[in-house]
Structures are given as C-alpha cells and as structure tokens.
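Let me begin by presenting the structure, written as structure tokens, before commenting on it.
The values are calculated or read from the model by the stated rules, or taken from the named source; none is laboratory data. Bear in mind the structure is a predicted one, so any value in this text is a computation, not a measurement. Neighbour counts are summed over all protein chains in view; Cβ atoms, including those assigned to glycine, are modelled from backbone coordinates with ideal geometry.
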Amino acid sequence: MGLATRMSGRSLRFWDLALYAVAMNLAIRWIAPAAAAGPASMPLWGLAMFGFMGPLVIASAELTGRFPGEGGIYAWTGQTLGPFIGFLCGWLYWTCNLPFFSGLIYFIVNVLGVAAGPRVQAALADPVIFLAVSLFLASAVAALHLMGLGVGKWLSSLGAAASLGVLAILIAAAVVLASRHGPATNFVKASYAPPLDANGAALWATMVFAFGGPEALAFLRNDVKGGLPQILRVLTLVGLTLAVAYIMGTGAMLTIMKPEEASRLSGLPDAVSLSLTRLGLGVLAPAALLLLALAMLGSYSSWFGVAARLPFVVGVDRYLPSAFGRRDPKTGAPVMAIIAQTVILLALVVLGQAGASVKAAYDFLVSMSVLTYTLPFVFLFVVYLIVQTRPAPAGAWTTPGGAPVGRLIGVVGLIVTSSAIACTLVPSPDAGDQLGAVVKLLVASAVLIAMGVGVYTVASRRAAPVVATPPASP
C-alpha cells in the first residue's frame, strides 16, 4: 500500500504538537454525562483509562514506529490485513467524523448564543441565521487549514488553552464552594456501583471512547520536528492529561451540582455559569462560556486537520482521484481533501437545519456513525496483536516487556473495545420503539459499510494502487 512521504516542512514542535493533541483529545463535554451518572462514574473513568486508553496509547506508539509514512490506522491495517480491509477501516474512521463535526458546530453556535445574551440567542433561533453562522465557522476553519498546518495549529493551540482554562475554572470553583458550603453531592454516602442498565451501557461506551484520539497523532508524524520520539513523548503527556482532566472535571461538576441537575447535553455550560454565579462572579459567565466555545472550536479544528490527512493518503494510493494525493507546494496542505471534507460537512450542516423529512435523513446519517465509529479500534488492536509475532524494524519503539506483554495489552484493549461496541447496541430507555432503534442502528451501519465497499470496488477497477512504501515488517 503506497503512502505519502513527501512533506513541505515540519511545522510542529513539541509544545505545538502537545497543544494540538490536547485540543483534539480532551473533550471536556464528556464530563457532563459522567456527572449526570453521579459518583459511580468515577471508578468507571479509571476502568476505561486502564482498559482502553492505556492499551490504545501503547499500541499507537508501537504501530507508529513500525510503519513508515503518515497513513495512521489506515496504513497499519492495510499493510497487515490487506488493502481492502485497510480501505474499509480508513473509510469508517473518516466518514464517522463528519456527522461528529456537524454536531460540534451546532454545540459551538449554541454556546456562543448563550454567551452573547438573550437577543443573540433569539436571533440564532432563526434557522437561516443559525445556518449562516455555522457555515462561516466551518469555512473559516477550512481556510486556516488551507494555509497549512503551521497556520492551522494556532486555533488548536488556543482551543487547548481554553479547554484547560474551563477545566481550571470548574475545579477552582468547586474547591471554593466546597470549602464554603460543602459539596452539592454527598460523596461519602453515594453509591459507587456502576449502573447495570441501559443508561449504564451508554455511559460506559461514552467513557471508553472519550479516551479515543491518541492514535490520530500518527497522521501528523511527518509534520513533527523530531519525528517519532516527539510523538511518543506527547502520547505520554496526553494520556496523563486526559486521565486527570476527566476524573477531576467530573468530581468538580458533582461538587458544584447534584447528579440530577447535571444535564447530559447542557450540563457543562450550566455548571460553568452556576459555579460563577454562586461565587458572586456571574458577570464573568459570558466570558467563561466564550472560553468554552473556543475550546470546542479548537477541538473541531484539530480533528478537521487530522481527518483531512486520510483522503490525502487514500488519494496517494489511487483509491480516490489523484488530485486528493497532492499537496500545495508552499503550504503543504492537502487542498482537495480539505475542500471535499468541507463541502460534505457544509451539506450535513444544511441537512440538520432543513425540514422534517430531510432532518430524518440527517438523523439517519448521524446514526450511521454511532456503531461504526468504534469498529476501527477493533482493527487497530487486531493489527497490534499480529505485529507482536513479527520482528520490529531497527530502532523502532516496542512495548516494554516484549511480545508477551504486548499480547496481554492487545487482548485487554480488544475486550474493552468490544464491550463498548456491545453497549452501543443497548437501546435507550427513552426510545419509544427499542427494537426499532437497534434495527435502525444496525441498518445505518450496514449502509455505511456497503458504501465503503462500493467505493473500494469502483476504485479498484479503475486503477490499481501504486505501492510506494513496502511493509515495515515481513
């Protein structure tokens, strides 16, 4: 499988990459559903950290060293399991991000409306205005990335700083409020037993994949000064940051408000506003919400930039038109991949604001990503287990303890990933037709997979891919 190796320059230093990774991986919005579940979510964070994030970081580090180029999970799977499986894995990984992007844009615009006050919030209730603001944000981010990663990284860096700032506000407010009035949640008498019901299943799936993202740094390896060693350091730093942030952030929210007050959707903005109001600093709430919007925008920008690398390397392999495999000679930006990704995203945003019948189609598109988002991680751990039977290239980083430890880590990661996939199939208790909800999820996932198979079949008949980079190991 051919991979892109030509780059226009390495624009990311250690702290650039670290902030980019924090913006991409630290999704502080996930602490809201965790807080809504109460203190029982705290040990689940730890279980997800050791059962999924740890294996994911270790597997990503070793696979990044074993396979050259910037194809990431697409390259790892293709060179190990064959081009068809590699393409399908890459297809699922990329397409599942697109509805996620549109949902993130909605969240950002809504938070901006709340921060700007009732008049702006009322104006954004108009679908035309809401759509115009959404399209402006999406187009602006695309324009930044068209100027190259050296420019696009700044929004991600600001977003990372904003995420840490919002987290610091929550933790500081929780400490002060607890010292004055005691915590809103009684942590001593609370139950820490995980909820064994549909809500618990949804919570577990959310927590497991809140730790997803470290594997995506491999797409940027040729943009990083210092190459692989720098990525390994950032992976370690990001892993520790995520673990501390999710656990402390959830604890802070539960200190500020009771679990029943923590909405899964608006819980984080509510907690920020409520904490500042109780401290007598309510006048600062709009500024804090703007900080939250910036954090989400930085997260969106960083994932957008990484996701555009996938159509690029697929274009190099000729499974997409060759234009996708070209970079701007001055900026190094994968221009066609960025443009195509933006056009699809804008179409999804429009669908989300359309009439009822079209919204149903949009909801179907979103449901496509729910189950299939988790499948690439199955491929990742399968590949990681396979390479434990093969000698590593000279100088490549390998799992401490060698193949026996690697196999244990791979099995744990695969089991936890599979459990999260099973949890996505548990229907919500709020669903009127629970069987219908599961069937819709399965059908939507099958449609997305079938689309990938169709694209691969057409591309394979059009032209065989060029093998530019040999497999890293026999």
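Here 76, 91 are screened, and the one residue that is within 17 Å of the chain's Cα centre (by Cα), surrounded by 20 or more Cβ atoms within 10 Å (Cβ to Cβ) and not polar (S, T, N, Q) is 91. The condition (being part of a helix (DSSP H, G or I) and over 21 Å from residue 372 (Cβ atoms)) is satisfied by just one residue among 87, 107, 101: 107. Taking the criterion of being modelled with pLDDT of 85 or more and farther than 11 Å from residue 349 by Cα, the residues of segment 123-132 that qualify are 123, 129.
Contact map, segment 142-169: residues that are over 24 Å from residue 30 (Cα atoms) and touching a residue at least 24 places away in the same chain (Cβ under 8 Å) paired with residues that are β-branched (Val, Ile, Thr) and part of a helix (DSSP H, G or I), Cβ distance under 6 Å, separation 6+ or inter-chain. Pairs shown: 142/338; 142/342; 144/151; 145/338; 146/338.
Note on segment 110-229: enclosed helices (runs of 4 or more DSSP H) holding 2 or more residues that are surrounded by 19 or more Cβ atoms within 10 Å (Cβ to Cβ) are 127-146, 149-181, 198-210.
For segment 380-400, filtered to residues that are closer than 17 Å to residue 50 by Cα and assigned to a loop (DSSP other than H, G, I, E, B), the residue that is farthest from the chain's Cα centre (by Cα) is 400.
Taking the criterion of being over 20 Å from residue 392 (Cβ atoms) and either touching a Ser or Thr at 6+ places or on another chain (Cβ under 8 Å) or among the acidic types (Asp, Glu) (or both), the residues of segment 38-78 that qualify are 38, 39, 40, 41, 42, 45, 52.
Counting only residues that are in contact (Cβ under 8 Å) with a residue 60 or more places away in the chain and loosely packed, with under 14 Cβ neighbours inside 10 Å, how many does segment 372-392 have? Final tally of qualifying residues: 1. For beta carbons closer than 8 Å, sequence separation of 6+ or different chains, a first residue in segment 33-45 that is touching a residue at least 40 places away in the same chain (Cβ under 8 Å) and of a type in the set (S, T, N, Q) and a second that is assigned to a helix (DSSP H, G or I) and surrounded by fewer than 22 Cβ atoms within 10 Å (Cβ to Cβ), there are no qualifying pairs. Among the residues of segment 29-60, those identified as among the small types (Gly, Ala, Ser) and either touching a strand residue (DSSP E or B) at 6+ places or on another chain (Cβ under 7 Å) or part of a helix (DSSP H, G or I) (or both) are 32, 34, 35, 36, 41, 46, 48, 51, 54, 59, 60. Comparison of 347, 354, 340 shows that the only residue that is closer than 23 Å to residue 444 by Cα and at pLDDT 85 or above is 340. Selection of segment 15-28 for residues being assigned to a helix (DSSP H, G or I) and not acidic (Asp, Glu) yields 15, 17, 18, 19, 20, 21, 22, 23, 24, 25, 28.
Please verify whether segment 222-238 includes one or more residues that are more than 30 Å from residue 275 (Cα to Cα) and touching an Asp or Glu at 6+ places or on another chain (Cβ under 7 Å). There is at least one residue in segment 222-238 that is more than 30 Å from residue 275 (Cα to Cα) and touching an Asp or Glu at 6+ places or on another chain (Cβ under 7 Å). Here is the figure for segment 61-84: residues that are on the phi > 0 side of the Ramachandran plot, touching a residue at least 24 places away in the same chain (Cβ under 8 Å) and not in a helix (DSSP H, G or I) total 1.
The set of residues in segment 380-428 being modelled with pLDDT of 90 or more and within 23 Å of residue 438 (Cα to Cα) consists of 414, 415, 416, 417, 418, 419.
Comparison of 280, 315 shows that the only residue that is crowded, with 21+ Cβ neighbours inside 10 Å and free of Cβ contacts under 8 Å to residues at least 60 places away in the same chain is 315.
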